[in-house]
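Working notes, structure below.
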Amino acid sequence: MKFSNAFIHTLKESPADAEIPSHKLMVRGGYIKKLAPGIFTYGPLALRAIRKFEKIVREEHDKRGIVELLMPMVHPQELWEETNRWAEMGDGLLKFKNRNGHGFCLGATHEEVITDFVRRDVKSYRDLPVVLYQIQTKFRDEIRPRFGLMRGREFIMKDAYSFDLTSEAAQKSYQMMYECYVAIFRRLGVEFRVVQADTGNIGGSLSHEFQILAENGEDQLLVSTVGDFAANIEVCPAADAQEVPANSAELKAMEKFSTPGLKTIADLSKATGVPEGQLVKTMFFATAEGGDDLKPIAVLLRGSDEVNPVKIKNLLGLANPPLLLTDKEVHQVAGAWPGSCGPVGLKIPVYLDQGVQNLRNYIVGANVDDFHLRNVNHGRDFQVTKVADLRLAREGDRAPDGKGTLKSYRGIEVGHIFYLGSKYSRAMNANYLGVEGKLEPIEMGCYGIGISRTVQAIIEQNHDKDGIIWPTSIAPFHVHICQLDPEDREVLTLADNIYEELAANGVDVLMDDRQERPGIKFKDADLLGMPLRLTIGARGLKEGHIEVVNRRTKEIVKVAPDQVLSHVLAWLKENGR
């Protein structure tokens with residue numbers, strides 16, 4: 001493709017609403033243009049990258065016998081009500097009525113639709129297993145869309161669904177999809193990690209995320225320095241770097257003491273001389289959503305720890321992580337304002353993080369403003385509903401598998417796989433007739449890759465101060481020719497010949513044939529980020545060479561014009577075209 005008819009328009013300055021490098025570069029390079037918050041038009045270059053990624057995805061799915069279909073984006077309300085997700089998904093679903101007053105939503109995910117599709121035709125055990133996938137646009141009404149395609153409202157997604165006879169068979173399908181995803185992301189040529197993850201509102205009992213590593217990633221990952229353990233911080237088990245032995249100290253008499261103005265753990269630690277890790281803080285959460293009945297609970301942690309709401313959600317079997325009570329709600333429950341609250345005398349369930357279990361004679365709030373209690377002990381002074389791992393794991397903790405310690409990374413979630421079990425099949429009566437003539441629910445799994453999100457995540461990992469650095473796998477073009485000296489007939493003829501020769505040999509080529517200064521062409525080439533740049537100009541031809549520039553390393557190789565094709569083909573073969 002030639003620049004003059006490619007409809008590529010670059011910008012010198014970054015847009016004001018772009019916060020991270022990949023968003024800035026995609027807008028500056030003309031890859032995307034915002035139509036509305038969270039909704040973008042994909043320019044010609046972005047679409048080429050997306051289509052190349054889709055091709056990799058299709059090839060890896062097709063070779064495993066996974067069948068492609070295409071489902072509607074508009075879903076009827078009654079289908080989502082079968083699983084109760086019409087209410088559970090809340091405002092994330094964009095809901096509307098048609099002219100007849102029937103309720104619909106834009107598809108945020110397709111578990112209900114695919115289950116309905118399969119249940120119509122699967123009658124007996126002979127009809128299973130089945131694995132289906134699609135690549136399609138989805139819409140989720142994000143509260144605050146940001147970061148370009150990273151957290152948009154409309155996006156392209158690949159979603160697959162497996163249907164099996166038994167749990168064992170379903171987990172084999174899960175493993176097959178796990179391996180399929182690993183193959184896809186390896187082919188991309190990016191640095192990624194597979195981590196244990198929370199199932200969220202999709203449900204199920206087994207889940208892994210595929211994360212592209214990047215400094216600006218939204219997710220925090222914890223990876224063992226030894227062995228294979230890796231998890232999203234949301235679900236990573238917490239284990240102190242050094243195991244804390246049981247405290248056998250004598251239980252002292254509880255006493256109340258004045259702490260005027262001491263509202264934070266840091267202030268209390270400074271005033272009492274007790275390390276934050278030996279103080280205990282009380283946090284209050286609502287386990288019911290909305291309404292007057294909040295069903296509050298208290299959670300106790302060491303002062304140096306952070307609570308993990310996802311662990312609370314999973315412990316209590318909630319649909320979503322619980323929200324902290326407001327200051328006013330805390331006062332109604334505990335009788336004091338936050339900073340002076342504790343577990344003694346509470347009439348609500350009290351959950352104890354395992355890090356507090358071995359503490360003795362600790363300090364907590366007295367549930368009287370500006371007062372605390374010292375020498376408090378669970379079991380004697382208040383009763384615990386349950387002890388569990390409720391804190392956020394952190395770098396330096398022991399790895400849960402006992403091999404090494406945890407190291408922190410930032411990542412961008414680009415793929416997520418779930419073993420669903422029979423959650424959707426039971427709710428929607430998707431059954432099969434077993435060998436013994438008994439109806440059984442179908443065992444399911446679902447598997448998603450954010451197609452458009454992955455393209456931007458790759459840029460977030462692969463860029464420098466000058467622009468994008470595409471991996472060869474999904475670069476819109478392999479080669480970017482900068483044609484200099486437009487008045488020189490020899491330069492123009494050679495550039496056209498090389499352009500045609502490369503294209504004829506399957507190399508995707510973009511040629512900048514604009515009437516622009518070399519500096520502008522070079523800047524745009526760096527911004528757009530194709531793997532190789534060929535500089536064809538009069539001065540180089542007089543010296544008998546063409547410059548081949550490696551975008552990633554900036555290395556320049558001078559190649560004779562008749563050797564350009566063989567050089568480019570060899571480079572692409574070596575670098576994973």
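Every read-out reported here was derived from the displayed coordinates using simple, explicitly stated rules and does not represent laboratory data. Remember, predicted model here, so these are calculated numbers, not experimental data. Positions of Cβ are backbone-derived with ideal geometry, glycine not excepted, and every protein chain shown enters the neighbour counts.
Quick check for me: using +1 on Lys/Arg Cβ and -1 on Asp/Glu Cβ, what's the dipole size of the chain about its Cα centre, in debye to the nearest 20? Don't jump to the answer; show the numbers that get you there.
Numbers: 72 positive and 79 negative charges, 57 e Å.
Its charge dipole is roughly 280 debye.
What is the range 477-574 by shape, rounded, prolate or oblate, if you read a ≥ b ≥ c off the alpha carbon gyration tensor as root eigenvalues and call it rounded for a/c under 1.5, prolate for a/b larger than b/c, and oblate otherwise? Could you put the intermediate results ahead of the total?
Values: a/c = 1.41, a/b = 1.15, b/c = 1.22.
Note, shape of the range 477-574 comes out rounded.
First check a/c for the range 284-343, with a ≥ b ≥ c the square roots of the eigenvalues of its C-alpha gyration tensor; if it is under 1.5, answer rounded, and if not, answer prolate when a/b is larger than b/c or oblate otherwise. Let's see the in-between values first.
Working: a/c = 2.38, a/b = 1.13, b/c = 2.11.
It is oblate, given that a/c is not under 1.5 and a/b is not larger than b/c.
Which of the listed residues, Tyr362, Ala160, Ser14, is farthest toward the dipole's positive end in the chain, when Lys, Arg count +1 and Asp, Glu count -1 at the beta-carbon?
Ser14
List His372, His331 from most exposed to least, where exposure is judged by having the fewest other Cβ atoms within 10 Å.
Values: His372 25, His331 16.
Ascending Cβ contact count within 10 Å gives the list His331, His372.
Decide, for the range 210-315, between rounded, prolate and oblate: order the square roots of the alpha carbon gyration tensor eigenvalues as a ≥ b ≥ c, take rounded if a/c falls under 1.5, and otherwise choose prolate if a/b is larger than b/c, else oblate. Mind showing how you got there, number by number?
Working: a/c = 2.01, a/b = 1.37, b/c = 1.47.
Oblate, because a/c is 1.5 or more while a/b does not exceed b/c.
Enter the Cα centre distance for the pair the range 109-160 and the range 474-497, rounded to the nearest angstrom.
43
Using Cβ contacts closer than 10 Å as the measure, can you line up Cys446, Cys180 from fewest to most? Display every interim value, and only then the final one.
Values: Cys446 25, Cys180 22.
The most exposed by this proxy come first: Cys180, Cys446.
Placing +1 on the Cβ of each Lys and Arg and -1 on the Cβ of each Asp and Glu in the range 234-328, which of Gly303, Thr259, Phe284 has its Cα farthest towards the positive end of the resulting dipole?
Thr259
Using Cβ counts within 10 Å as a stand-in for footprinting exposure, how do Leu528, Leu11 rank, fewest first?
Details: Leu528 27, Leu11 12.
Starting with the residue having the fewest Cβ neighbours, the order is Leu11, Leu528.
Just to check I understand the Karplus step: with θ = phi - 60° and J = 6.51 cos²θ - 1.76 cosθ + 1.60, what whole-Hz values come out for the range 524-539, glycine and proline as x?
Karplus values, whole Hz, x for Gly and Pro: 5, 4, 5, 4, 6, x, 5, x, 10, 10, 9, 9, 10, x, 5, 5.
Determine ³J(HN,Hα), in whole Hz, for all residues of the range 303-320 in sequence, where each value follows from phi through the Karplus function 6.51 cos²θ - 1.76 cosθ + 1.60 and θ = phi - 60°; x replaces Gly and Pro.
Computed from phi, the couplings for the range 303-320 are x, 8, 9, 10, 6, 10, x, 5, 5, 5, 4, 5, 4, 9, x, 7, 6, 9 Hz.
Mind checking the dipole of the range 477-574: about its Cα centre, +1 per Lys or Arg Cβ, -1 per Asp or Glu Cβ, Debye to the nearest 20? It would help to have the intermediate numbers written out before the result.
Working: 13 positive and 18 negative charges, 87 e Å.
Using only the charged Cβ atoms, the result is roughly 420 debye.
More than 27 angstrom separation, counting every C-alpha pair in the range 255-388; what % is that? Kindly include the intermediate steps, with their values, before the conclusion.
Working: 1167 of 8911 pairs.
The answer is 13 percent, as a whole percent.
With n ≥ 4 as the cut-off for DSSP H runs, can you work out [θ] at 222 nm for the chain, using -39500 (n - 2.57) per run divided by the number of residues, rounded to the nearest 500? Each step should come with its number before you reach the end.
On the way: 15 runs with 151 residues, N = 577.
Rounded to the nearest 500, the figure is -7500 deg cm²/dmol.
So which aspartates and glutamates can Lys52 reach, going by Cα to Cα under 19 Å and dropping same-chain residues fewer than 8 places off?
Partners within reach: Glu60, Asp62, Glu68, Asp159, Glu191, Glu460, Asp508, Glu574.
If you count, for each residue, the other Cβ atoms within 10 Å and average over each peptide, how do 360-366, 433-439 line up from highest to lowest?
Details: 360-366: 22.1, 433-439: 10.0.
Ranked by mean Cβ neighbours within 10 Å, highest first: 360-366, 433-439.
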